[in-house]
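Shown next, in structure tokens, is the structure this report addresses.
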Amino acid sequence: MAVTGVTLRLDGARWREHLHVVSGATPGLIPVVKGNGYGYGLARLAEESASLGVDTIAVGTAQEVDAVRDIFGGDIVILTPWRADDDRAVELADDPRIISTVSRLSDLRSIAEHGGRPRVLVELLTSMRRHGIPTTELTEVAPLLEQLDFRGWTIHLPIRAEGRYPEAEKLSRAALATALGPLWLSHLPPEEAAALARQLGGAEGEPAALRLRVGTRLWLGDESTRTTTATVLDVHQVRRGERAGYRQRVVPADGWIVVVAGGTSHGIGLEAPTSAVSMRQRAISVATGSLEAAGLALSPYTIGGKKRWFLEPPHMQSSLVFLPRSQTPPAIGDEVPVELRLTIATVDQIVTD
Ligand SMILES: *Cc1c(COP(=O)(O)O)cnc(C)c1O
């Protein structure tokens, strides 16, 4: 298929195999379907979640619910803490397929007063210090749960491994001493989760109920299932000392300017080129041939087997990349590899093989 722009090519069979391996190894898996859909889009991930056979997915915000609810038929957790002044979140509290996350005592009071026994998860504050109710306030939580359909506790751990397990255990014990319910965890590897479930289990030896939310490791965990490329839109021969680009920057050496698809709108190369380089320093570095010292930034585009330098920061939908004279330039229409951070990327198309 002839495509142009920035393309994510997916080996569909291998990707699905990876999804099945992760879901098989993660009892109680809750796929996280939020933001830019990890590069694939929310609809696509909702569809894949449905075919994985999970009963619940998690979206990031109340506004994301509409993008998934007609595609995925199960329960939908909203991860962003519920607030009484968020109209959409309040509306969704009445929806029988929605589970709201409540992360402040004042909000727990408000949603309890809302009536209709909304389904809620109560979030505990972790060392992340993002959202959550501190364990010191747990005694006030218990009575409020009677007016709610309490679905469990949520604990969002940092990614750093050190101290993670003891923290998960300590918080889980405090939670379960307040009210019994499943524990919904993030960033705890399945082996540690299994150990925790056993450790917190009931007197008869049955393990505690755990649900594990996974995004990156599920959707993006196997890099070999995908490639990302960009179309070469134009190629111009240039000589050292000539000027080019929006900023009319001096070209550092003889070579080519390769105009490639992909720019800020695709989430490409947002890191600014070295800025604190004076014109004099730049002139010296240009003379000595060091492109980095010349104030150029390394681009995510690979041409001729190497990452090449941006001539200037990426434009909205294309980028100017410098290729030295020693290289054979690509042809217009060629596709070159581009390294994308898929959690911030927006591609022009996804091609599934
Ligand atoms: C985004 C998010 C996740 C998923 O994080 P990944 O690192 O992508 O797996 C899990 N839990 C919560 C609460 C989140 O906000």
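The values are calculated or read from the model by the stated rules, or taken from the named source; none is laboratory data. Just so you know, these numbers come straight off a predicted model, no measurement behind them. Note that each Cβ is placed from the backbone with ideal geometry, even for glycine, and that neighbours are counted across all protein chains shown. To get the accessible areas, we keep the full protein, side chains included, count just its heavy atoms, and leave off ligands, DNA and RNA. Shrake-Rupley method; radii C 1.70, N 1.55, O 1.52, S 1.80 Å.
Which one is farthest from GLU223 (Cα to Cα), of the residues in the stretch 5-34 that are open to solvent by 50 Å² or more (accessible area, probe 1.4 Å) and assigned to a loop (DSSP other than H, G, I, E, B)?
So, considering only residues that are open to solvent by 50 Å² or more (accessible area, probe 1.4 Å) and assigned to a loop (DSSP other than H, G, I, E, B), the one farthest from GLU223 (Cα to Cα) is PRO27.
List the residue pairs whose Cβ atoms are under 7 Å apart, where the first residue sits in the stretch 245-261 and is assigned by TED's automatic domain parsing to the domain that holds LEU340 and under 17 Å from VAL232 (Cβ atoms), the second is among the acidic types (Asp, Glu) and part of a strand (DSSP E or B), and the two are 6 or more positions apart or on different chains.
Close Cβ pairs (under 7 Å, with a partner that is among the acidic types (Asp, Glu) and part of a strand (DSSP E or B)) amount to VAL259/ASP234.
Just one of (1) of a type outside the set (Asp, Glu); (2) without any contact (Cβ under 8 Å) to a residue 40 or more places away in the chain; (3) under 23 Å from PRO96 (Cβ atoms) trips up TRP184, so point out which.
It fails just one condition, (2).
Give me the residue from the stretch 246-270 that is crowded, with 16+ Cβ neighbours inside 10 Å and assigned to a loop (DSSP other than H, G, I, E, B) and, out of that set, nearest to the chain's Cα centre (by Cα).
GLY267
Look through the stretch 207-240, keep the residues that are assigned to a loop (DSSP other than H, G, I, E, B), in contact with a helix residue (DSSP H, G or I) (Cβ under 9 Å, 6 or more places away or on another chain) and at pLDDT 95 or above, and return whichever of them is nearest to the ligand (Cβ to nearest atom).
Among those that are assigned to a loop (DSSP other than H, G, I, E, B), in contact with a helix residue (DSSP H, G or I) (Cβ under 9 Å, 6 or more places away or on another chain) and at pLDDT 95 or above, it is GLY215.
Among the residues of the stretch 146-157, is any within 16 Å of the ligand (Cβ to nearest atom), at pLDDT below 95 and open to solvent by less than 20 Å² (accessible area, probe 1.4 Å)?
Yes, that holds for at least one residue.
Taking only the stretch 195-208 into account, find how many residues are at negative phi and surrounded by fewer than 17 Cβ atoms within 10 Å (Cβ to Cβ).
Looking only at that region, the number is 9.
Would you call THR302 surrounded by fewer than 23 Cβ atoms within 10 Å (Cβ to Cβ) and in contact with a helix residue (DSSP H, G or I) (Cβ under 7 Å, 6 or more places away or on another chain)?
For THR302, the condition - surrounded by fewer than 23 Cβ atoms within 10 Å (Cβ to Cβ) and in contact with a helix residue (DSSP H, G or I) (Cβ under 7 Å, 6 or more places away or on another chain) - is not met.
Considering only residues that are out of contact with any Lys or Arg (no Cβ under 9 Å at 6 or more places or on another chain) and either in contact (Cβ under 8 Å) with a residue 60 or more places away in the chain or not in a helix (DSSP H, G or I) (or both), which ones fall in the stretch 35-44?
Listed by number, the residues that qualify are GLY35, ASN36, TYR38, TYR40, GLY41, ARG44.
Exactly one of these conditions fails for VAL77: (1) closer than 25 Å to ILE344 by Cβ; (2) in contact with a helix residue (DSSP H, G or I) (Cβ under 9 Å, 6 or more places away or on another chain). Give me its number.
Condition not satisfied by VAL77: (2).
Out of ALA112, ALA197, ALA193, ALA142, which single residue is in the same structural domain as PHE72 (by TED's automatic domain parsing), touching a helix residue (DSSP H, G or I) at 6+ places or on another chain (Cβ under 9 Å) and either without any contact (Cβ under 8 Å) to a residue 12 or more places away in the chain or under 26 Å from THR26 (Cα atoms) (or both)?
ALA193
Looking only at the stretch 184-206, which residues are of a type in the set (Asp, Glu) and either away from the ligand (no atom under 15 Å from the Cβ) or part of a strand (DSSP E or B) (or both)?
GLU191, GLU204, GLU206 - these are the residues of the stretch 184-206 that are of a type in the set (Asp, Glu) and either away from the ligand (no atom under 15 Å from the Cβ) or part of a strand (DSSP E or B) (or both).
Have a look at GLU123, GLU91 and point out the one that is under 25 Å from ALA62 (Cβ atoms) and open to solvent by less than 30 Å² (accessible area, probe 1.4 Å).
None of the others qualify; the one that does is GLU123.
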